Every structure is written in C-alpha cells, then in structure tokens.
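S.K.: Below is one structure. I have some questions about it.
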Amino acid sequence: MSAREQWGTRTGFVLATIGSAVGLGNIWRFAYVAGDNGGGVFLIVYLAFILLIGLPLVIAELSMGRRAQGDAVAAFSVTAPGDTGRWRLAGWLAVLGAALILSYYAVIAGWALGYGVGAATGTLWTAAAAGYGGYFRAFIGGGVEPVLWQAAMLAAAALVVAGGVQGGIERVNRWLMPTLAAIIVGLAIYAVSLPGSGAGVRFLLAPDWSAFGRPEVYAAALGQAFFSLGVGMAVFATYGSYLPRGFALPASAAAIVAGDTLFAVVAGLAIFPAVFAFGLDPAAGPELAFITLPQIFLAMPGGRIVGTLFFLLLTAAALTSMVSLLEVPVAVAIRRLGATRRTATVAATAAIFLLGLPSALGFGLLAHIRIGGYGILDAVDAAVSNLLLPAGGLAIALFVGWRIERAVALREADLGGTRAGAVWLWLLRVAVPTAIALILLRSALA
Ligand code: TRP
C-alpha cells in the first residue's frame with residue numbers, strides 16, 4: 001500500500017476544517033434556530049456550549065484521528081489501530097451518521113444552488129410574482145428538479161474528494177474559505193448600514209434574560225453547536241488522520257471553533273438587520289433563507305447582486321462541508337476494501353445519492369409521508385441533531401475521557417503536563433457527558 005495521504009500545510013489543514021465547520025449550519029440553520037429561540041439569549045447559551053462542550057470535543061476528535069492515522073473506525077481503536085474492540089462500533093455508527101447527514105444536507109445545498117443560479121440568471125427575481133412562499137414550495141416540490149440540484153451538488157463534492165487530500169480538499173478550501181469570509185463580511189456591513197437595521201442587531205446581540213428559563217433553548221443550542229462545528233461524526237477524526245505529528249492540536253481546534261462561531265455571528269449580522277429593516281419576522285423557521293430573504297433582496301437597492309452573492313456563498317459553504325462528510329466513508333472504503341480513491345468516491349456518492357432521494361422527494365412525490373408530524377427531510381434532520389450528534393459527542397467524550405489511558409489522552413492532544421490539559425480532561429470526563437445526558441434525557445421526555 002502506498003503511504004497515507006497528508007495535508008500539505010498547517011494553513012491548508014485549518015482552512016479545510018473550517019471549511020467543514022462553516023456551512024449551511026452557520027447561515028441557514030443558525031439564523032432560523034437563533035430566530036426561533038429568542039436571538040440574544042440563544043447566542044449566550046450557544047457560546048457557552050461551544051466553549052465548554054464543543055472545543056473540548058473538537059480537540060478530542062482531532063487527537064483520536066491523528067493518533068490512529070487511519071479512518072473513523074480506526075480512531076475508536078483502543079490499543080493499536082486495527083484491534084477489534086467494541087468501541088469500533090461507535091466508529092461505524094459515525095460513518096453511517098456522516099452518510100445520513102450528507103444525504104439530506106445535499107438536498108438543501110441543492111436548493112441553495114438552484115436559488116443561486118436563479119438569482120444570477122434573473123429567474124428568481126421575475127418568477128416569484130405570487131410571493132416567495134409559493135415559489136419555494138413549488139421549487140422544492142417540483143418533481144425531479146430538486147433531485148437534479150441534489151445530484152449536481154453531490155457530483156461537485158465527489159469531484160473535489162476524488163482529487164485527494166492535498167490536490168482536491170486542501171486546494172479547494174484554500175481559495176474558497178477566504179473568499180467566503182470576504183463575502184459574508186461585505187454582506188454584513190451592507191445589512192447593518194440599512195435604515196432601521198438597529199433592531200436586528202439588538203435582536204441578535206442584546207439578550208432578553210427571561211428566555212433563560214426556557215429549557216428548549218438549551219436543547220436547541222446544543223444541537224446547533226454540534227451541527228455547526230460538525231463534531232461527533234468522525235469528520236474531524238478523519239481530517240485529523242492526515243496530520244503529521246507536531247501540529248499543535250489545541251491551537252488548531254481553537255482556530256476552528258473561533259472561525260466557525262465568528263462566521264455564524266457575522267452571518268446573523270448579515271441577515272437579522274435586513275429582516276428587521278424590512279419589518280419581517282425573524283422567527284420564520286427553516287424557510288427564513290428561502291422565503292423571507294429573497295423578498296428582502298427583491299426590495300432592497302442592489303438586492304439582485306446581494307442576493308446572488310448570498311446564495312452562491314451558501315452553496316460554496318455547503319460544498320466544503322459536503323466534501324468533509326463524503327471523505328469519512330471514502331476513507332473507510334479506501335482503507336478497508338482496498339478501493340482506489342476514485343472508485344471509493346464514486347461508490348460512496350452513488351449510495352448517498354440514493355439514501356437522500358426520499359428527502360429530496362419529500363416535498364413533492366412523497367409529501368404524504370409524515371414521521372412524527374414532520375416531512376421526511378425535517379424528520380431526518382431532527383433525528384440527527386437531537387439524537388445522533390449528541391450520541392456521537394458522548395461516545396467521543398467517554399472514549400477519550402475514560403477508555404484511553406489518561407496520560408495517553410493528554411499526550412495525544414498535545415496537552416500533557418499542562419493545567420489546560422487537566423481542565424480539558426475534566427470537561428470531557430464530567431461536564432460534557434453530564435450536559436449531553438441531561439439534554440438527551442429532556443428530548444426523550446419531551
Ligand atoms: N458543520 C457543517 C455546517 O455547519 C455541517 C457538517 C460538516 C456536519 N461536518 C459535519 C454536521 C459533521 C454534523 C457532523 O453546515
């Protein structure tokens with residue numbers, strides 16, 4: 001077997017992990033979850049979870065991957081990569097989870113692409129005479145069209161992954177991520193400068209303390225923290241496996257977490273000021289980006305350019321996250337089935353496309369199927385963020401915190417002999433499992 005692939009540079013690795021973290025979760029999902037859960041209060045709870053739960057888990061997941069120098073399953077090996085411990089089951093579940101997330105994530109990414117193309121060619125601005133509510137529902141319910149966009153996004157992700165760790169993943173992230181950061185900052189500056197935008201800034205940044213008593217805010221914040229960081233499904237373990245030793249993990253993890261959080265907050269500053277400036281509802285739910293925002297773009301000066309930039313940004317951010325999710329099963333297939341990267345990519349992409357078909361068709365052909373009151377895509381999304389991701393995070397915390405020897409865990413995370421290391425391990429051992437268990441329990445009882 002040839003030598004395992006590796007990242008070319010530290011910057012390339014950090015940008016690829018930020019590319020994984022920054023996606024639909026930071027823009028589409030963050031905006032509607034924050035909007036539904038009271039804005040400023042949500043943000044405070046969210047930041048606390050990111051720092052106390054997210055950061056320790058990102059460090060742990062990266063260290064598992066680098067230690068194993070193998071795929072997601074190897075990351076859960078107790079002794080040497082290749083042993084047959086029961087923990088490896090958690091690795092396999094993470095691989096299935098990553099595939100499941102990608103299956104419906106690709107559908108929403110496809111909507112973003114469809115809107116982006118429509119915005120650039122102008123059809124988005126002329127075809128919606130009857131309002132964007134009807135436009136959106138006709139678009140996502142439109143027979144094969146959503147399937148074509150879903151397939152296009154998956155094909156794009158496959159093209160990048162087939163290019164390899166350095167030649168594909170690292171290369172694309174190196175130029176896309178700085179570009180996306182520039183676009184979102186530009187959009188936020190524009191939104192904040194609109195007359196009447198102050199209420200939107202206050203909505204996001206000024207907490208209404210009474211909402212702290214609402215337990216559902218905590219569950220929503222934890223689910224969003226996991227989803228937005230992209231922790232718990234072995235993506236960071238897989239990306240970490242391409243690291244040589246000597247990259248300090250805590251500093252990389254801090255950069256990832258800070259980058260992801262900053263991106264979400266700036267995206268909020270691009271969205272809420274505009275929503276308030278136009279007197280619309282910040283709690284519109286998942287449709288915020290696809291119904292509320294286009295209405296604003298249509299009405300604002302320069303809105304067609306702003307709207308085109310917004311949806312292309314959303315598409316590109318989604319693409320780099322899709323790439324990271326796809327790499328998880330691809331790495332497993334390369335390692336365990338001896339497949340070439342190209343064959344592994346084609347096979348995994350095809351399987352994930354089929355897995356996502358019900359989600360893509362769930363607003364049209366399969367709209368009659370309801371699961372617990374949800375349509376198919378929303379049911380899968382709820383299962384993933386409320387159950388699968390917290391469970392994956394719990395597995396990582398228990399594995400690194402309790403199963404691996406203390407000294408090994410600390411050394412592999414580049415935290416041996418430090419006070420920060422002691423804090424990190426305590427968080428992983430006690431605080432993270434307790435918080436996750438409480439919130440899992442609550443959603444089980446709700
Ligand atoms: N973090 C990405 C986003 O915010 C999505 C994502 C990438 C993800 N990798 C993940 C979600 C792993 C869950 C698990 O859009």
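S.K.: Among the candidates Ala339, Ala331, single out the residue that is under 22 Å from the mean Cα position of the chain (by Cα) and either away from the ligand (no atom under 16 Å from the Cβ) or within 23 Å of Tyr105 (Cβ to Cβ) (or both). So that I can check it myself, show each step before the final result.
M.R.: Numbers: Ala339 fails: under 22 Å from the mean Cα position of the chain (by Cα).
It is Ala331.
S.K.: Among the listed residues Ala60, Ala106, which satisfies the condition of being within 12 Å of the ligand (Cβ to nearest atom) and modelled with pLDDT of 95 or more? So that I can check it myself, show each step before the final result.
M.R.: Values: Ala60 fails: within 12 Å of the ligand (Cβ to nearest atom).
Exactly one residue qualifies, and that residue is Ala106.
S.K.: Give the residue that is surrounded by the fewest Cβ atoms within 10 Å (Cβ to Cβ), with candidates limited to residues of the stretch 348-405 that are aromatic (Phe, Trp, Tyr) and assigned to a helix (DSSP H, G or I).
M.R.: First, pick out the residues of the stretch 348-405 that are aromatic (Phe, Trp, Tyr): 353, 363, 374, 399, 402.
Then keep just the ones that are assigned to a helix (DSSP H, G or I); that gives 353, 399, 402.
Working: Phe353: 20, Phe399: 23, Trp402: 13.
Applying the filter and picking the extreme gives Trp402.
S.K.: Of all residues in the stretch 235-254, which are within 16 Å of the ligand (Cβ to nearest atom) and either among the aromatic types (Phe, Trp, Tyr) or more than 23 Å from Leu326 (Cβ to Cβ) (or both)?
M.R.: Passing the criteria: Phe236, Tyr239, Tyr242.
S.K.: If you check Phe236, Phe276, Phe272, which single one turns out to be part of a helix (DSSP H, G or I), open to solvent by 40 Å² or more (accessible area, probe 1.4 Å) and of a type in the set (A, V, I, L, M, F, W, C)?
M.R.: Values: Phe236 fails: open to solvent by 40 Å² or more (accessible area, probe 1.4 Å); Phe272 fails: open to solvent by 40 Å² or more (accessible area, probe 1.4 Å).
Step by step, each of Phe236, Phe276, Phe272 is checked, and only Phe276 is part of a helix (DSSP H, G or I), open to solvent by 40 Å² or more (accessible area, probe 1.4 Å) and of a type in the set (A, V, I, L, M, F, W, C).
S.K.: Phe297 - would you say it is part of a helix (DSSP H, G or I), within 16 Å of the ligand (Cβ to nearest atom), over 17 Å from the mean Cα position of the chain (by Cα) and farther than 16 Å from Ala234 by Cα?
M.R.: Values: part of a helix (DSSP H, G or I): yes; within 16 Å of the ligand (Cβ to nearest atom): no; over 17 Å from the mean Cα position of the chain (by Cα): yes; farther than 16 Å from Ala234 by Cα: yes.
No, not satisfied.
S.K.: For the subset of the stretch 168-208 comprising residues that are closer than 18 Å to Ala283 by Cα and open to solvent by 70 Å² or more (accessible area, probe 1.4 Å), which member is modelled with the highest pLDDT?
M.R.: The extreme case among them is Arg202.
S.K.: Report the residue count in the stretch 19-36 for those that are away from the ligand (no atom under 16 Å from the Cβ) and either surrounded by 23 or more Cβ atoms within 10 Å (Cβ to Cβ) or among the basic types (Lys, Arg) (or both).
M.R.: Filtering the stretch 19-36 down to residues away from the ligand (no atom under 16 Å from the Cβ) leaves 35-36.
From what's left, either surrounded by 23 or more Cβ atoms within 10 Å (Cβ to Cβ) or among the basic types (Lys, Arg) (or both): 35.
Residues in the stretch 19-36 being away from the ligand (no atom under 16 Å from the Cβ) and either surrounded by 23 or more Cβ atoms within 10 Å (Cβ to Cβ) or among the basic types (Lys, Arg) (or both): 1 in total.
S.K.: Can we say Pro286 is surrounded by fewer than 23 Cβ atoms within 10 Å (Cβ to Cβ) and within 16 Å of the ligand (Cβ to nearest atom)? Can you show your working first?
M.R.: Details: surrounded by fewer than 23 Cβ atoms within 10 Å (Cβ to Cβ): yes; within 16 Å of the ligand (Cβ to nearest atom): yes.
Taking the combined requirement at face value, the residue satisfies it.
Quick grid of which residues meet (1) over 16 Å from Ala112 (Cβ atoms); (2) in contact (Cβ under 8 Å) with a residue 40 or more places away in the chain:
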| position | (1), (2) |
| --- | --- |
| Pro244 | yes, yes |
| Ala267 | no, yes |
| Leu280 | yes, no |
| Glu287 | no, yes |
| Phe310 | no, yes |
| Leu314 | no, yes |
| Ala318 | no, yes |
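The values are calculated or read from the model by the stated rules, or taken from the named source; none is laboratory data. Owing to the predicted nature of the structure, the values given are computational and were not obtained by experimental measurement. Methodologically, a virtual Cβ is constructed for each residue, glycine included, from the backbone with ideal geometry; neighbour enumeration extends over all protein chains shown. Only protein heavy atoms, including side chains, enter the accessible area calculation; ligands, DNA and RNA are left aside. Shrake-Rupley method; radii C 1.70, N 1.55, O 1.52, S 1.80 Å.
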